[in-house]
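First the structure, in the form of structure tokens, and then the observations on it.
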Amino acid sequence: MIRLRTADFLRLNRAIALIYAELEPSTLFDKLSEAAALAIQAETACFDGFDPSGRIGHLGAYPEAMFSMLAFPLLAAHLPQHPLFPAIVEQRRPEPLRTSDVVPLSRFLNTALHDAFYRPLAITHQLVIGLPVEHYGWVTCAINRSRHDFTATDQTLLQLLVPHFQAAVRLSQTVRELQQQAAPGAQLATQELTPRETVILGHLMRGLPDKEISRVCNISPRTVQNHLQNIYAKLEVDNRTAALSRVLGVAG
């Protein structure tokens, strides 16, 4: 069993807080990539989606400009050469795997895939995990380094992030639906909510109590209450039931 150090837990907590800090659908996977890189102490990270035939689609990255749209087709063309492709994409193994788990580093560095795509990005070591994600299907998170290989601790940290990745996508979808389905009289008010307040309102829509909102957002119960009071004021209501009724257009 891997024993995490205090520093590992602190980075993990910061990464989890970042995951839930802002759930804007258009930039969600960029934020998830940033959280993964933070937790694992890696230079770059990215999320990609795969259709049933194994074709790849880019979802997000950290840094956001990591991939050139002109270069990304090179990855798609050579991806089946990736040493982890059979295990992660075809067999859909759920555990985090390092490239070095399946081939020596020299063999990976000598592939056309590395020469065409990873070498210009100074990527020599990868840690990849595949996971089912609601609304997206099979998704991979790839963490990248240029010098040092990943450790068993890094694999454990990435595994611990997986349920938070999945929860963030579900909640982001709830936020999107909330924005789309808001009753006409509440649309302007919901547009005035800050990103954090929108997340809190999304948690209300899911029926989470204040204590659970505090936990998943990594903020204090008092801070949750402050956000709720701001939400109520903007929606011109005084409690959570009235807030949900106003957003959903239900007669109170």
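Filtering the range 16-30 to residues that are over 17 Å from T194 (Cα atoms) and in contact with a Phe, Trp or Tyr (Cβ under 9 Å, 6 or more places away or on another chain) leaves F29, D30.
Per the conditions (1) in a helix (DSSP H, G or I); (2) at pLDDT below 85; (3) touching a helix residue (DSSP H, G or I) at 6+ places or on another chain (Cβ under 9 Å), the sole criterion not satisfied by S245 is (3). Under the condition of being assigned to a loop (DSSP other than H, G, I, E, B) and of a type outside the set (S, T, N, Q), the residues counted in the range 87-141 number 13.
The values are calculated or read from the model by the stated rules, or taken from the named source; none is laboratory data. In this text, all values refer to a predicted model and were calculated from it rather than measured experimentally. Here Cβ is always computed from backbone atoms with ideal geometry, including for glycine, and neighbour counts include all displayed protein chains.
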